[in-house]
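Colleague: Quick one: the structure is below, and I'll ask about it shortly.
Throughout, read-outs are computed from the coordinates displayed, never taken from laboratory work. Model, not experiment: these values are computed from the prediction. Here Cβ is always computed from backbone atoms with ideal geometry, including for glycine, and neighbour counts include all displayed protein chains.
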Amino acid sequence: MHKLLPLPFFHVWVYLQTQPLLGLAATLCAWEVAALLDQRAGHKAYSNPTVLAVAMLVAALLLTGTSYQTYFSGAVYIHFLLGPATVALAVPMYANWPAIRRNFVPILVSLGAGSLVAALSAMLIAKALGAPHEVVMSLGPKSVTTPIAMGVAQQLGGLPALTAVFVIITGLFGTLICGPLYKAARVRAWEAQGLAAGTAAHGIATAHMIRLNETAGAFGGLAIGLNGIVTAIIVPLLVALLPL
Amino acid sequence: MVRALTILVLYQLVGTIIQQGLGLPVPGPVIGLVLALAWFLKFGPPSEDLRQTAQGLLKYLGLLFVPAGVGIVNEFGALRENAVAILVAIAVSTTLGLLVTGVTMQWFLTRREAKPHA
């Protein structure tokens, strides 16, 4: 940066590097631009604002040579809101409680089956394609929400930071593919669409479903919580029982 | 709004205390979610203020994942070395997970519509 900026501004840059303000401002600005682009594109899966904002910020960090730690010291204020937002999922879940209660057994069966298939196939495929043990273990919990996934990865001897990345890639991929996939497999009910999105691709796909339909969002939120619990129990058992 | 945020943060706090105290593998915010839902079911619906704050937060759920997503810059090395295995594993397993859950749930729902009194 010192080659690009006149000296007084370079000092400002150095000062801002030590402060959380820049990371916070950059995250919010990237989101605003991404949301605008998404709106222009007509809320398509490929214009997902999370993907766009992450891409812009990664490019900005690489171009300015800023470390992730420096960026995160500001972005942590936004990151922290994930906790209260997770609790807030109780509100749409309560609003849709009659539908959830009516479908309790179908929900448990569908979610359990999808959760098992997703975790098992991810680990088996990665192992078959020659990925090292810690990468395979980091892939096991990638369908669940970041804090749960990182905890499970740690417990299995995976790398939590790598798991966080897998969780994001899974969420983005699931968001991109769920629309065409539902159409092809004739998954029409909002309940089924939301449940599958939350089970296989956690909060990122659920954020997408919330924008489409409230019931789908509620089932997605339910699936995030339930699959977090199911995965935290099932994946360590699978790893202990199978030659992974 | 401040009261609603306080309530949400307190649920998260109680959930985290339970998680740490009992050494559970389930994260604190998820326990907080279960507690909040149990409270609404037992003692009545959330206030208008809490509903609006929750809806506001969830509307921007996508923004809240951005900081963690940018963490990908630190993992480019490990990703590049195993790129094919990782991408195939994620793509296939996510597709299978979506299909198995979606199709199973749709099957249950369609079956019920066909037999309304079942």
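Colleague: Between B:Leu24 and A:Ala240, what FRET efficiency comes out of the Förster formula 1/(1 + (r/R0)^6) with R0 = 25 Å and r the beta carbon distance, rounded to 0.05?
Modeller: On the way: r = 18 Å, r/R0 = 0.73.
About 0.85, to the nearest 0.05.
Colleague: Please work out the Kirkwood hydrodynamic radius for the range B:73-118, using every pair of different C-alpha atoms, and report it in angstroms with one decimal place.
Modeller: Numbers: mean 1/r = 0.0750 Å⁻¹.
With all distinct Cα pairs of the range B:73-118 included, I get 13.3 Å.
Colleague: Sort B:Lys115, A:Lys142, A:Lys127 so the one with the fewest other Cβ atoms within 10 Å of its own Cβ comes first. Could the numbers behind the result be given before it?
Modeller: Working: B:Lys115 7, A:Lys142 35, A:Lys127 19.
With the sparsest Cβ surroundings first, the list reads B:Lys115, A:Lys127, A:Lys142.
Colleague: A follow-up question, please. Would you mind working out the magnitude of the charge dipole of the protein assembly as shown relative to its Cα centre, with +1 at each Lys and Arg C-beta and -1 at each Asp and Glu C-beta, to the nearest 20 Debye?
Modeller: 760 debye
Colleague: Same structure, new question: Could you work out [θ]222 nm for chain A from helices alone, using -39500 (n - 2.57) per DSSP H run of at least four and dividing by all its residues? Round to the nearest 500 deg cm²/dmol.
Modeller: Rounded to the nearest 500, it is -27000 deg cm²/dmol.
Colleague: Which number comes out as Rg/Rh for the range A:48-184 once both Rg and the Kirkwood Rh are worked out on C-alpha atoms? Walk me through the intermediate numbers first.
Modeller: On the way: Rg = 17.6 Å, Rh = 17.4 Å.
When Rh is taken as the Kirkwood radius, the ratio is 1.01.
Colleague: I'm checking a number: the convex hull volume of the Cα atoms of the range B:1-64, normalised per residue, in Å³. What is it?
Modeller: Working: hull volume 5.9 nm³, N = 64.
Spelled out: Cα convex hull of the range B:1-64, divided by residues, is 91 Å³.
Colleague: Modelled label-to-label distance, B:Tyr60 and A:Gln69, 7 Å Cα→beta-carbon offset: nm?
Modeller: 2.8 nm
Colleague: Please build a GNM for chain A, connecting alpha carbons under 10 Å apart, and tell me which residue among A:Val51, A:Val12, A:Val135 fluctuates the most.
Modeller: Result: A:Val12 has the largest fluctuation of those listed.
Colleague: Of the options A:Ala88, A:Ser110, B:Leu24, report the single residue whose Cα projects farthest towards the positive end of the charge dipole of the protein assembly as shown (beta-carbon charges: Lys, Arg +1; Asp, Glu -1).
Modeller: The residue sitting farthest along the positive end of the dipole is A:Ser110.
Colleague: Still on this structure, I have one more. What fraction, in whole percent, of alpha-carbon pairs in the range A:7-80 exceed 22 Å separation?
Modeller: Result for the distance tail: 28 percent.
Colleague: Please report, to two decimal places, log10 I(q)/I(0) for the protein assembly as shown at q = 0.15 Å⁻¹ as given by the Debye formula with identical point scatterers on the Cα atoms and no solvent.
Modeller: Values, matching the q order: -1.33.
Colleague: Out of A:Thr66, A:Thr86, A:Thr170, any idea which swings most in a Gaussian network model of chain A, alpha carbons joined below 10 Å?
Modeller: In this elastic network of chain A, the residue with the biggest mean-square fluctuation among A:Thr66, A:Thr86, A:Thr170 is A:Thr66.
Colleague: Describe numerically, in nm with one decimal, the distance between label points set 7 Å from Cα along Cα→Cβ at A:Ala41 and at A:Glu134.
Modeller: In this crude spin-label approximation the distance works out to 3.4 nm.
Colleague: Quick check on my link table: of A:Lys44/A:Lys142; A:Lys44/B:Lys115; A:Lys142/B:Lys59, which ones sit more than 28 Å apart, alpha carbon to alpha carbon?
Modeller: A:Lys44/B:Lys115
Colleague: A further question on this structure: What's the magnitude of the charge dipole for chain B around its Cα centre, counting Lys and Arg as +1 and Asp and Glu as -1 at the beta-carbon? Answer in Debye, nearest 20.
Modeller: 380 debye
Colleague: With 10 angstrom as the radius, rank A:Leu195, B:Leu5 by how many other C-beta atoms surround their C-beta, starting from the fewest.
Modeller: Sorted ascending by nearby Cβ count, the order is B:Leu5, A:Leu195.
Colleague: Apply the Karplus curve 6.51 cos²θ - 1.76 cosθ + 1.60, θ = phi - 60°, to the phi angles in the range B:80-90 and return the couplings in whole Hz, x for Gly and Pro.
Modeller: Result, ordered by residue: 5, 4, 10, 4, 5, 4, 5, 5, 5, 4, 5 Hz.
Colleague: Now for a different question. Normalising by the residue count of chain B, find the relative contact order in percent from Cα pairs under 8 Å and 6+ residues apart.
Modeller: This gives 17 percent for chain B.
Colleague: When averaged across all projection directions, what area in nm² does the alpha-carbon convex hull of the range A:28-124 cover?
Modeller: The directionally averaged projection comes out at 9.7 nm².
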